[in-house]
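Below you'll find the structure, written out as structure tokens, and then a few comments.
The values are calculated or read from the model by the stated rules, or taken from the named source; none is laboratory data. Just so we're clear, the structure is a prediction, and the values are computed from it rather than from any experiment. Neighbour counts run over all protein chains shown; Cβ positions are idealised from the backbone, glycine included. These area figures cover heavy atoms from the full protein model, side chains too; ligands, DNA and RNA do not enter into them. Shrake-Rupley method; radii C 1.70, N 1.55, O 1.52, S 1.80 Å.
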Amino acid sequence: MRHLVLVLGDQLDIQSAALDGFDSEQDAIWMCEVAGEATHVWSHKARIALFLSAMRHFRDALRKRGFQVHYRELNARGNQGEFSAELQAAVSKYRPRKLVLVEPGEWRVKALFEETAAELGVELEIRSDRHFLCSHDAFEEHARGRKQLRLEYFYRELRRKHDVLMQGGKPIGGKWNFDHDNRGAFTKEGPSAELLPPLRFRKDATTREVLELVERRFADHPGSLEHFDWPVTASQARQALDDFVDHRLAEFGTYQDAMWTDEPYLYHSRLAAAMNLKLLDPRDVIRAAEAAYRAGLAPLNAVEGFIRQILGWREYVRGVYWLHMPDYLNRNALDANRPLPDFYWTGDTEMNCLRQAIGQTLQYGYAHHIQRLMVTGLFSLLLGVDPQAVHAWYLAVYVDAVEWVELPNSLGMSQFADGGVMASKPYAATGKYIQRMSNYCQGCRFDPAKAVGDEACPLTTLYWDFLSRHREQLAANPRMALQVKNLDRKPADELAEIRRLAAELASSYTPSGDR
Ligand code: FAD
Ligand code: DLZ
Ligand code: SF4
């Protein structure tokens with residue numbers, strides 16, 4: 001054999017650089033299901049099922065096109081632990097002159113393949129991933145000489161370079177960013193009765209087989225498979241995109257940050273998983289959104305806001321990840337070391353906002369950005385949870401989780417553990433933010449305005465405690481000046497009571513242990 005082309009679970013793209021120059025006379029593809037990828041973080045059943053189902057569908061699509069695919073399936077009895085042993089077996093069986101791999105989405109996996117190939121004495125060619133619009137070199141070029149990276153400048157560069165939402169060299173609408181129009185909350189009636197739920201995909205025989213396997217082999221893993229309806233093929237991913245553009249994009253901008261009880265998806269696209277598994281090309285997503293604007297089907301604040309997430313944030317976090325790994329993984333700028341409370345794995349808490357966000361996460365493997373950032377992320381930031389534990393949780397529980405995108409968002413943006421690479425200040429807020437953006441507080445026994453007393457909202461108590469614990473560090477950040485000033489205005493006896501209550505709260509949560 002000339003080349004054994006390795007295709008991993010997040011590389012399910014027929015246009016992938018891995019297949020460049022593929023010669024069916026001399027080359028073959030290798031895909032492998034391994035339990036270690038489901039257990040190195042305690043993955044949600046839906047996350048495991050999505051990767052495995054999409055991998056099997058991709059295998060079938062490749063075979064239909066005449067590619068030879070050596071595919072290793074997991075079984076319920078306990079085969080196939082780790083990539084390294086499986087690769088070793090494949091190399092001794094097929095004896096390829098070279099292994100070909102597109103850069104994996106995790107630093108750990110890339111290092112593992114490099115080490116294994118070196119140990120086996122076989123050449124490994126790692127190709128860059130052209131799914132993304134910004135290469136590592138281009139990101140490094142952007143970062144060079146800048147004291148601080150900021151999304152906004154990066155995003156503008158990409159808008160210009162790829163001619164997205166531009167007119168005569170200027171941004172359409174005269175502004176680059178319509179963020180201020182993207183912070184709407186619902187009135188007390190909630191989302192419009194016309195909000196159509198997203199397209200659901202039926203489980204075919206392949207998916208049903210995978211769901212059964214996951215229920216048996218990963219029985220003790222968190223989450224439910226009851227609602228599994230994710231796109232698992234490129235053509236389903238395209239249908240999901242069209243459905244979003246037709247039915248929800250127009251309101252995406254206005255309600256991007258809003259939350260509502262028992263409404264997991266609202267006006268969000270649910271496309272992250274399909275893009276991260278490479279079933280969907282971000283260029284197609286951006287093009288479809290821009291076309292909707294130009295056809296008058298969606299307003300600029302919605303289309304610009306949506307495109308900023310994909311052309312901006314998605315590319316930006318990938319750049320940050322590869323620029324700063326591997327040391328990024330161990331950062332802990334706020335020296336946070338409390339354990340993750342056990343209710344993150346059960347949703348069993350009196351705090352309604354967390355019960356909703358976590359409950360929904362366990363049911364669907366999904367929560368939208370503000371639930372991740374300003375409910376689960378906010379609580380662990382204020383409590384001071386070890387960022388490693390927070391990272392492991394986020395990587396485990398979402399169907400769209402792959403480390404290159406999850407880590408900068410969780411450890412960086414939400415926990416400020418990178419000391420300000422991803423965000424210019426910690427996303428710290430009281431329960432009043434959640435009250436403003438949702439109806440969660442209406443169904444809660446706590447009062448978001450209170451930091452002390454029986455009805456004190458734990459987030460509000462922990463907010464002041466957080467500012468007080470980190471006062472010196474935060475006071476050095478001009479963007480935190482107002483919050484620090486408000487802290488300094490608190491009467492000493494009230495602050496002492498807050499600190500006492502916060503310590504009591506922290507010791508009341510059962511640690512999640514070694515899950
Ligand atoms: P929409 O709200 O419809 O947004 C459209 C698309 O924009 C998304 O599909 C996604 O591709 C992209 N996007 C939006 N925000 C971001 C962002 N901050 N970074 C990168 N891309 C973004 N996203 C992941 O894809 N995988 C993760 O593991 C992940 N972990 C996160 C952890 C935390 C703590 C936070 C705060 C955010 C995380 N995000 C992650 C970003 C974001 O929350 C999800 O992309 C989004 O919620 C997915 O739902 P959606 O497809 O409906 O997105
Ligand atoms: C997330 C995941 C899971 C659950 N299972 C597999 C698998 O069995 N085989 C595989 O190739 N990839 C899997 N993945 C994705 C990997 O954890 C990892 O994100 C990618 O391989 C990195 O490119
Ligand atoms: Fe969450 Fe506090 Fe509101 Fe309860 S009162 S839902 S704990 S923010």
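Computed on segment 336-430, the Cα convex hull volume stands at 85 Å³ per residue. Treating r as the C-beta distance of ARG338 and GLN26 and R0 as 51 Å, the FRET efficiency rounds to 0.40. Close lysine pairs were tallied over segment 3-127: pairs 8 or more places apart or on different chains with Cα atoms under 28 Å apart number 5. What the Kirkwood sum gives for segment 342-508 is a hydrodynamic radius of 16.2 Å, with every pair of different alpha carbons counted. The stretch between ARG160 and LEU196 holds 9.6 nm of extra length on full extension. This uses 0.36 nm per residue minus the Cα-Cα distance.
What FRET efficiency comes out for SER507 versus GLN473 if R0 is 22 angstrom and r is the Cβ-Cβ distance? Round to the nearest 0.05. That pair, SER507 with GLN473, gives E of 0.40.
In square nanometres, what is one fourth of the surface area of the convex hull spanned by the alpha carbons of segment 69-161? Don't skip to the end; give the middle numbers.
Details: hull surface 37.4 nm².
Quarter of the Cα hull surface area: 9.3 nm².
Dipole of segment 97-174 (Lys/Arg Cβ +1, Asp/Glu Cβ -1, origin at the Cα centre): which of GLY121, PHE154, SER135 lies farthest to the positive side? Farthest towards the positive pole: PHE154.
So which trypsin sites (Lys or Arg not before Pro) in segment 17-94 end up in coil per DSSP with only 12 or fewer other C-beta atoms within 10 Å? Mind dumping the intermediate values first?
Working: sites: LYS45, ARG47, ARG56, ARG59, ARG63, LYS64, ARG65, ARG72, ARG77, LYS93; in loops: ARG65, ARG77.
Answer by residue number: ARG65, ARG77.
Restricting the calculation to Cα atoms, segment 229-372 shows an Rg/Rh of 1.01 when the hydrodynamic-style radius is the Kirkwood one.
Report the trypsin sites (Lys or Arg not before Pro) located in segment 117-161 that are in a DSSP loop and have at most 12 other Cβ atoms inside 10 Å of their Cβ, or state none. Write down the numbers at each step before the final one.
On the way: sites: ARG127, ARG130, ARG144, ARG146, LYS147, ARG150, ARG156, ARG159, ARG160, LYS161; in loops: ARG130, ARG144, ARG146, LYS147, ARG150.
Counting only loop positions with at most 12 other Cβ atoms within 10 Å, the trypsin sites (Lys or Arg not before Pro) in segment 117-161 are ARG144, ARG146, LYS147, ARG150.
Near GLY190: Cβ cut-off under 11 Å, other residues only, Lys/Arg at +1 and Asp/Glu at -1. The net charge is -2.
Counted over the chain, the DSSP beta bridges are approximately 15% antiparallel.
For segment 163-276, the relative contact order works out to 40 percent when only alpha carbon pairs closer than 8 Å and six or more residues apart are counted. Taking a straight line from the alpha carbon of LYS450, these lysines sit under 27 Å away, with near neighbours fewer than eight places off in the same chain left out: LYS188, LYS425, LYS432, LYS485, LYS490. Could you state, as a whole-number percent, how many of the C-alpha pairs of segment 18-141 are farther apart than 16 Å? Every Cα pair in segment 18-141 considered, those over 16 Å come to 68 percent. The solvent-accessible area of ILE370, taken with every protein chain present and a 1.4 Å probe, is close to 10 Å².
The label point for LYS450 and the one for ASP246, both projected 7 Å from the Cα toward the Cβ, are 5.0 nm apart.
As a ratio to 2.2 N^0.38 Å, the alpha-carbon radius of gyration computed for segment 165-284 takes the value 1.32.
For the chain, relative contact order (Cα pairs under 8 Å, six or more residues apart, normalised by length) works out to 16 percent.
Test of understanding: what is the full-extension gain from ALA143 to ARG127, defined as 0.36 nm times their sequence separation minus their Cα-Cα distance?
On the way: separation 16, 0.36 × 16 = 5.76 nm, distance 2.23 nm.
Computed gain between ALA143 and ARG127 is 3.5 nm.
So what's the back-of-envelope 222 nm ellipticity for the chain, counting only DSSP H runs of four-plus at -39500 (n - 2.57) apiece and dividing by all residues, rounded to 500? If you can, show how the numbers build up before the last one.
Numbers: 22 runs with 225 residues, N = 515.
That comes out to -13000 deg cm²/dmol.
Relative contact order of segment 3-127: what whole-number percent is it, with Cα pairs under 8 angstrom and at least 6 residues apart? Result for segment 3-127 is 34 percent. Summarising the label geometry, the points placed 7 Å from Cα in the beta-carbon direction at HIS227 and GLU189 lie 2.5 nm from one another.
From the Cα gyration tensor of segment 7-69, with a ≥ b ≥ c the square roots of its eigenvalues, which class applies: rounded if a/c is under 1.5, or else prolate if a/b is larger than b/c, or else oblate?
On the way: a/c = 2.63, a/b = 2.25, b/c = 1.17.
Cα axes put segment 7-69 in the prolate bin.
Excluding ligands, DNA and RNA, the accessible surface per residue across the chain is 42 Å² with a 1.4 Å probe.
How long is the gain from ARG77 to LYS93 if the chain were fully straight, where each residue apart is worth 0.36 nm and the alpha carbon distance is subtracted? Intermediate results must be reported in sequence, preceding the final value.
Numbers: separation 16, 0.36 × 16 = 5.76 nm, distance 2.31 nm.
Contour length minus the Cα-Cα distance gives 3.5 nm.
Within the chain, which is the longest segment that contains none of the GluC sites (Glu not before Pro) sitting in a DSSP loop with at most 13 other Cβ atoms within 10 Å? Present the calculation step by step, with values, prior to reporting the outcome.
Working: sites that count: GLU25, GLU189, GLU194, GLU226, GLU350, GLU455.
That gives 26-188 as the longest site-free run.
The residue among THR346, LEU334, GLY305 whose Cα reaches farthest toward the positive pole of the charge dipole of segment 299-363, with charges on the beta-carbon of Lys, Arg, Asp and Glu, is GLY305.
At 1.4 Å probe size, with the rest of the protein present, what percent of the exposed accessible area of segment 3-127 is carbon and sulfur atoms? Please report the intermediate quantities before stating the final value.
Numbers: 2270 of 5110 Å².
Here it works out to 44 percent.
For the chain, what Kirkwood radius comes out of the mean inverse Cα-Cα distance, in Å? List each step's numbers first, then the result.
Working: mean 1/r = 0.0413 Å⁻¹.
Hydrodynamic radius (Kirkwood, Cα only) of the chain equals 24.2 Å.
The C-alpha atoms of the chain define a longest principal axis, and helix 492-508 lies at about 40 degrees to it.
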